[in-house]
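The values are calculated or read from the model by the stated rules, or taken from the named source; none is laboratory data. The model shown is predicted, which means the values in this text are computed figures rather than measured ones. Quick reminder, even Gly has a Cβ in these numbers, built from the backbone with ideal geometry, and neighbours come from all protein chains shown. Note: accessible area is taken over every heavy atom of the protein model, side chains too, but ligands, DNA and RNA are not part of it. Shrake-Rupley method; radii C 1.70, N 1.55, O 1.52, S 1.80 Å.
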Amino acid sequence: MIRGNFESQLDRMVKSQLKKRGIEDTKLLNAFRSNPRHIFVPENQKGDAYSDRPLPIGEGQTISQPYIVALMTSMLSVDSKDRVLEIGTGSGYQTAILASLAGEVYTVERKRSLSKRAKNVLSELGRDNINYRVGDGTRGWAEYAPYEKIIGTGSVPEIPESLVKQLAENGRLVIPVGGERQQRLTLLIKEEGEVEIQKKSYCSFLPLIGEEGWKET
Ligand code: SAH
């Protein structure tokens, strides 16, 4: 498909999938405009790159629906000075949106092949404020803690204690919490050592498999 065609598809995606559903933050919408989704999907999915749903990226994993990426990012309220920890690099799409808005991004992925591919794509895009790690992200990334913002892009049965510990004072954590099929986007805010938890929209994410997530079956 020619480049011009992707550009108009991206423009339409921003208008009909994001703006129409109430995503208004100009910085966030611009982040979507500067990270074309077709770059993050495998060759055989490029024709559907701007569709309103998750898409397969190999290894049984998916790239999230654009609206969900926008919703979770807006729940985080990312500031340009923030250091953000992301669990579940996947295709690197959410990572790219975060890197456009934050100071520094730390992203952990369990599957080496996905981490490597995301790193290649993001380096080609010229993103130099991203740090990659292969491992179990349900235990966070203690070395660079605390983080102002933490996002989990896979589901957990309960909020991992390690992530709460690695969250900075006044920090925000967004992660889908619930059952294996259905969860609720959950926002945790840390204030004066206390945590406040807000349960938001229902959603359906793939599992985070690890010590403080789901057990491997
Ligand atoms: N944000 C990604 C979505 C990735 S899906 C995107 O839009 O492309 C969830 C990802 O979490 C998968 O890539 C999966 O391999 C990864 N994952 C599962 N368990 C994990 C764990 N314990 N630590 C880090 N990543 C994990």
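Here are some notes:
- Residue tally, condition of a type outside the set (S, T, N, Q), in contact with a strand residue (DSSP E or B) (Cβ under 8 Å, 6 or more places away or on another chain) and surrounded by fewer than 21 Cβ atoms within 10 Å (Cβ to Cβ), over the stretch 119-135: 5
- Residue match in the stretch 142-151 (condition: within 17 Å of the chain's Cα centre (by Cα), without any contact (Cβ under 8 Å) to a residue 40 or more places away in the chain and open to solvent by less than 20 Å² (accessible area, probe 1.4 Å)): no
- Subset of the stretch 181-208 that is under 17 Å from residue 110 (Cβ atoms) and open to solvent by 50 Å² or more (accessible area, probe 1.4 Å) - its residue that is farthest from the ligand (Cβ to nearest atom): 207
- Residues located in the stretch 21-53, provided they are more than 18 Å from the chain's Cα centre (by Cα) and under 21 Å from residue 101 (Cβ atoms): 21, 22, 24, 26
- Considering residues of the stretch 164-180 that are part of a strand (DSSP E or B) and among the aliphatic types (A, V, I, L, M) only, the residue surrounded by the fewest Cβ atoms within 10 Å (Cβ to Cβ): 168
- Count - residues of the stretch 44-63 that are without any contact (Cβ under 8 Å) to a residue 24 or more places away in the chain and under 14 Å from residue 6 (Cα atoms): 3
- Among (1) under 24 Å from residue 80 (Cα atoms); (2) of a type outside the set (Gly, Ala, Ser); (3) more than 14 Å from the ligand (Cβ to nearest atom) - the single one residue 141 does not satisfy: (3)
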